[in-house]
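K.L.:
If you scroll down you'll find the structure; I have some questions about it.
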Amino acid sequence: MLFRSLELDGARVEIPVRLKVHDSMFVPLAKWPMLIAGNYRCIRPEAMIPIRDAVHGDIAQSRDVYEWVAALCRRLGAETEDLVPFDKYAQAAASLGRPSSAARALFGGAPHIERVDSLVRRIARQLGLGSDQLQEIVALVDDRLGRNRLAVERAAA
């Protein structure tokens, strides 16, 4: 269901965005596998690459990390139908010729970015799970953020 207004305390309130209501509260988790398999894998030690290359450069590895995160989401309560199948995601990623906004922010010097990678790792650890690929992603983001923060500190000194 899409809507642009809602009733609040008996008055109709117009909202500036379209909200889509889902039966499952787990639908937002559907982005986690995509973010980890594509967006955060754009971040390399010394450069960034397009999402297309992050996903299709090693499609088997992309599928592995995607399915690992999807399994974590299911363990948290998501149903398979709440999540986007890998093949559908990979098809969409084939047209994404730019690095993710997270990668662009990091390589633009941002000292802080949204850390879904770190959140997913933390939740997995609480469940006794781990992924070498996820750990590598988190380490790369941590490293780049550390460099960016150090550059900000030096510039302020």
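K.L.:
Ala156 versus (1) open to solvent by 60 Å² or more (accessible area, probe 1.4 Å); (2) at pLDDT 95 or above: which is the lone unmet condition?
P.N.:
Ala156 satisfies all of (1) open to solvent by 60 Å² or more (accessible area, probe 1.4 Å); (2) at pLDDT 95 or above except (2).
K.L.:
Another one. Just need a number here: residues in the range 28-42 that are over 8 Å from the mean Cα position of the chain (by Cα) and open to solvent by 30 Å² or more (accessible area, probe 1.4 Å).
P.N.:
Qualifying residue count for the region: 1.
K.L.:
If you scan the range 119-129, which residues turn out to be closer than 20 Å to Ile43 by Cα and open to solvent by less than 30 Å² (accessible area, probe 1.4 Å)? Before you say what the answer is, go through the steps one by one.
P.N.:
Looking only at the range 119-129, we keep the residues that are closer than 20 Å to Ile43 by Cα, and these are 119-122.
Answer for the range 119-129, where residues must be closer than 20 Å to Ile43 by Cα and open to solvent by less than 30 Å² (accessible area, probe 1.4 Å): just Val120.
K.L.:
How many residues does the range 59-100 contain that are on the phi > 0 side of the Ramachandran plot and open to solvent by 60 Å² or more (accessible area, probe 1.4 Å)?
P.N.:
Residues that pass the stated criteria total 0.
Here's the yes/no breakdown for (1) without any contact (Cβ under 8 Å) to a residue 12 or more places away in the chain; (2) touching a Leu at 6+ places or on another chain (Cβ under 6 Å); (3) under 17 Å from Met48 (Cα atoms):
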| position | (1), (2), (3) |
| --- | --- |
| Cys73 | no, yes, no |
| Arg98 | no, no, yes |
| Ala102 | no, no, yes |
| Val138 | no, no, yes |
| Ala151 | no, no, no |
| Ala155 | yes, no, no |
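K.L.:
Ok, one more. State whether the residues of the range 141-148 include one that is among the polar types (S, T, N, Q), at pLDDT below 95 and in a helix (DSSP H, G or I).
P.N.:
no
K.L.:
Sort out which residues of the range 105-117 are touching a residue at least 24 places away in the same chain (Cβ under 8 Å) and surrounded by 15 or more Cβ atoms within 10 Å (Cβ to Cβ), and write them in order of number.
P.N.:
Listed by number, the residues that qualify are Leu106, Phe107, Ala110, Pro111, Ile113, Arg115, Val116, Asp117.
K.L.:
Is it the case that Glu46 is within 21 Å of Ala102 (Cα to Cα), surrounded by fewer than 18 Cβ atoms within 10 Å (Cβ to Cβ) and out of contact with any Leu (no Cβ under 6 Å at 6 or more places or on another chain)?
P.N.:
So Glu46 fits the description; yes.
K.L.:
Here is a further query. Restricting to the range 131-144, what's the tally of residues that are more than 12 Å from Ile36 (Cα to Cα) and buried (at least 17 other Cβ atoms within 10 Å of the Cβ)?
P.N.:
Matching residues across the range 131-144 total 2.
The values are calculated or read from the model by the stated rules, or taken from the named source; none is laboratory data. Everything numeric in this text was worked out from a predicted model, so none of it was measured. Note that each Cβ is placed from the backbone with ideal geometry, even for glycine, and that neighbours are counted across all protein chains shown. Side chains included, ligands, DNA and RNA excluded: accessible areas come from the protein's heavy atoms. Shrake-Rupley method; radii C 1.70, N 1.55, O 1.52, S 1.80 Å.
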